[in-house]
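The values are calculated or read from the model by the stated rules, or taken from the named source; none is laboratory data. Computed from a predicted model, the values in this text were never measured in an experiment. Glycine also receives a Cβ, built like all others from the backbone with ideal geometry; neighbour counts cover every protein chain displayed. Side chains are part of the model used for accessible areas, which takes the heavy atoms of the whole protein and leaves out ligands, DNA and RNA. Shrake-Rupley method; radii C 1.70, N 1.55, O 1.52, S 1.80 Å.
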Amino acid sequence: MMEKHYIAVDCGSSGGKMIDMAYDGASVRIAAARPFQYEPVTVAGCMYNDILHIYDQVLKQFKGFVQTNGKGTTASIGVTTWGGDYGLFGENGQLLSNMFQHRDERTLITKKEFFERITHREFYQETGSVFFLGIGPSQLLADKRFSDIYEKAKLLMGTASVLTYFLSGIPAMDDTLASSLGFTDLSAGQYHVPLLARLGLRTDIFPPLLKAGTVMGKVASGVAEYIGDRDVSVVLDAGHDTPAALPGIDGLDGETAFISMGTMMLVGVRTKEPIVNEKLFQGNFRTVKGFLENWTIYRDVQGFWILNQCMKSFRDHGYDYGFDQLEAMARQLPAGKYVINPNAPLFYHRTKDMVSRVQDYCREKGQPVPERPEEIYRCLIDSYGLAARNCIEELERGIGGRIKRIRLFNGGCQCSLLGEVISACTGLPLESGVRYATAAGNALIQMYAAGELSSEAEMRELSRKSFGFRDLTVKQDDFWDELYAEQMQLWKKDGLE
């Protein structure tokens with residue numbers, strides 16, 4: 001058969017990419033990958049997502065793919081983004097203001113009000129989500145207090161839904177994204193109107209809640225005119241990037257943990273039923289809706305967010321190293337000399353100099369202080385390994401079973417040292433691969449929506465044939481056990497959430 005092209009939009013909170021996935025009926029390949037840059041913009045003390053710039057980049061890359069492949073060869077486009085943030089729209093369907101970024105500090109002052117209305121445990125039991133400052137209801141509570149557009153809004157849509165709306169002209173939100181935002185009832189799978197009302201929030205601004213993989217129709221007329229093809233479908237993909245990636249990862253049984261490493265490091269398992277219990281709650285794990293009838297249980301860790309911010313600090317101080325150079329230099333350094341808790345509160349918010357925050361943390365804990373870029377890099381990689389071990393141990397307690405292996409995917413699979421450190425620290429075999437796992441899953445969901453694939457089993461088989469994993473297993477030694485025990489005593493003082 002002639003190749004069909006499925007365009008996957010994959011936007012993290014600190015950079016995005018457009019992937020052209022070509023399917024010939026037997027395998028799928030990456031026909032083109034085009035990254036594009038953006039970052040949150042701070043104006044008058046508030047941090048915003050530059051959503052119109054992001055959309056402009058999406059449109060330009062979309063047009064380029066269509067022109068390169070030829071009219072009539074692009075089947076559809078789908079959007080996946082980070083799992084937080086939303087836009088508020090007015091009566092005429094227009095975005096009312098720039099979208100706040102979940103790391104904006106306006107939510108700090110509303111935390112007390114949130115917990116005066118509902119306990120953390122109740123919120124978890126009802127939604128499957130643990131509280132953090134950027135969770136949807138927390139941000140909406142901040143909008144109610146600080147934004148004059150809250151009362152004017154007629155519609156709220158999560159980030160992926162905003163971009164899908166711009167492409168299709170049809171407002172909707174998929175079940176994975178709404179769940180990730182903390183807006184849905186875990187048991188009913190619908191917007192949790194009673195809980196939102198209890199928090200004093202509006203319940204009349206939510207769009208239709210649809211299953212991920214719903215075809216929204218053809219691209220909007222203005223988009224069609226711009227790209228030069230009116231016959232491209234828009235799919236309401238799995239809007240949250242982690243559930244989007246999992247259909248393309250083979251071998252995720254109940255004994256296999258996944259680690260999706262990007263701006264955030266998400267460590268968890270995929271299950272057939274939602275699981276909420278006291279041990280998972282104490283371990284700070286979220287249970288969110290996955291594609292079709294699957295569920296995802298995971299903990300968020302501040303991942304390459306910290307490293308990316310440090311890379312900016314390196315450049316500001318005259319260092320111009322790439323990731324490969326830093327990894328090669330970091331391999332020459334001893335493991336575990338410098339360690340931080342990636343989820344310590346001081347690493348959550350944006351700063352002009354993240355390197356100083358890493359150094360301040362080490363200094364405060366009475367540890368050696370990393371100075372050079374390769375020392376900072378080694379510090380972060382080792383810290384991610386320790387965080388992964390803690391996640392897996394807490395996850396085992398929560399699900400009541402042993403984790404026997406790990407699959408590492410997305411951007412972190414390019415860092416061999418990361419996979420080796422996680423394996424050595426956890427004592428588990430680890431396979432790493434599928435650099436563009438989120439985009440691959442996004443495209444597979446589009447193929448499912450088009451009827452090319454009829455089940456998740458077919459999706460995983462196609463991915464397995466098309467993309468490979470490599471073994472990065474490293475034998476564990478006593479050093480990591482000792483370092484882990486030592487650091488957990490320090491991390492408990494920070495709080496792991």
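How much length is gained if the chain between Lys60 and Lys144 is pulled fully straight, taking 0.36 nm per residue apart and subtracting their Cα-Cα distance, in nm to one decimal?
This chain segment gains 26.8 nm when fully extended.
Quote the charge dipole size of segment 88-201 about the Cα centre in Debye, to the nearest 20; the model charges only the Cβ of Lys and Arg (+1) and of Asp and Glu (-1).
260
Would you kindly state how much longer the chain becomes between Gln67 and Glu458 on full extension, computed as 0.36 nm times their sequence separation minus their alpha carbon distance, in nm to one decimal? List each step's numbers first, then the result.
Details: separation 391, 0.36 × 391 = 140.76 nm, distance 3.01 nm.
Full extension from Gln67 to Glu458 adds 137.8 nm.
Averaging over every viewing direction, what projected area does the convex hull of the Cα atoms of the chain cover, in nm²?
Result: a mean projected hull area of 21.6 nm².
Once every DSSP H run of n ≥ 4 in the chain is given -39500 (n - 2.57) and the sum is divided by its residues, what mean residue ellipticity at 222 nm do you get, rounded to the nearest 500 deg cm²/dmol? Walk me through the numbers on the way to the answer.
Numbers: 18 runs with 195 residues, N = 497.
Mean residue ellipticity at 222 nm (helix-derived): -12000 deg cm²/dmol.
Extension gain Ser221-Asp478, at 0.36 nm per residue separation less the Cα-Cα distance, in nm?
Gain on stretching Ser221 to Asp478: 86.3 nm.
Just to confirm the filter: which GluC sites (Glu not before Pro) across segment 68-145 are DSSP coil and have at most 13 other Cβ within 10 angstrom of their Cβ?
Those satisfying the criteria are Glu91.
Can you give me the % of accessible surface on segment 375-466 that is carbon or sulfur? Probe 1.4 Å, all protein chains present, nothing else counted.
Numbers: 990 of 2550 Å².
C and S atoms contribute 39 percent here.
With every protein chain present, what accessible area does Lys337 have (1.4 Å probe, heavy atoms only), rounded to the nearest 10 Å²?
Surface open to solvent at Lys337 totals about 100 Å².
In nm, give the distance between the simple-model label positions of Gln125 and Thr203, each being 7 Å from the Cα along the Cα-to-Cβ direction.
1.9
What percentage of all Cα-Cα pairs in segment 189-277 are separated by more than 14 Å?
Here the tail beyond 14 Å accounts for 78 percent of pairs.
Over segment 81-131, calculate the relative contact order: mean separation of alpha carbon pairs under 8 Å at least 6 apart, over the residue count, as a percent.
It comes to 20 percent, rounded to a whole number.
How many lysine pairs in segment 93-186, separated by 8 or more positions in sequence or lying on different chains, have Cα atoms less than 16 Å apart?
For segment 93-186, the number of qualifying lysine pairs is 4.
By a straight-distance test (C-alpha under 16 Å), which lysines pair with Lys312 as possible cross-link partners, with residues fewer than eight away in the same chain excluded?
Answer for Lys312, where 16 Å is the Cα cut-off: Lys352, listed by chain and number.
How many Å² of accessible area per residue for segment 312-371, probe 1.4 Å?
Solvent-accessible surface per residue comes out at 54 Å².
Apply 1/(1 + (r/R0)^6) to the Cβ-Cβ distance of Glu116 and Lys465, taking R0 = 60 Å, and write down the FRET efficiency to the nearest 0.05.
Efficiency computed from Cβ-Cβ geometry: 0.65.
Quick check on segment 4-103: what does the Kirkwood estimate of hydrodynamic radius come out to from the alpha carbon pairs, in Å?
15.0
Contact order normalised by length for segment 402-497, with contacts defined as Cα pairs under 8 Å and 6 or more residues apart; what percent is it?
Dividing the mean separation by the residue count of segment 402-497 yields 33 percent.
Let me check against my output: what whole-number percent is the relative contact order of the chain, with C-alpha pairs under 8 Å and at least 6 apart?
Numbers: 1048 pairs, mean separation 75.6, N = 497.
Relative contact order for the chain comes out at 15 percent.
Go through Ile399, Pro368, Ile51 and say which Cα lies farthest out towards the positive end of the charge dipole of the chain; charges sit on Cβ, +1 for Lys and Arg, -1 for Asp and Glu.
Working it through, the farthest residue towards the positive pole turns out to be Ile51.
In square angstrom, rounded to the nearest 10, how much accessible surface does Tyr319 have for a 1.4 Å probe?
Ignoring ligands and nucleic acids, Tyr319 comes out at about 80 Å².
Let me know the charge dipole size of the chain about its Cα centre in debye, to the nearest 20, where only the beta-carbon of Lys, Arg (+1) and Asp, Glu (-1) is charged.
The calculated dipole for the chain is roughly 280 debye.
Let me cross-check Arg270: its accessible surface, 1.4 Å probe, with only protein heavy atoms counted, in Å² to the nearest 10?
About 30 Å², rounded to the nearest 10.
Taking all protein chains as present, what is the carbon and sulfur share of the accessible area of segment 40-81, in % to the nearest whole number, probe 1.4 Å?
About 54 percent, which is the carbon plus sulfur part of the accessible surface.
In cubic angstrom, how much convex hull volume per residue do the alpha carbon atoms of segment 243-372 span?
152
Please report the carbon-and-sulfur percent of the accessible area for segment 133-206; probe 1.4 Å, protein heavy atoms only, DNA, RNA and ligands left out.
Percent of accessible area from carbon and sulfur atoms in segment 133-206: 52.
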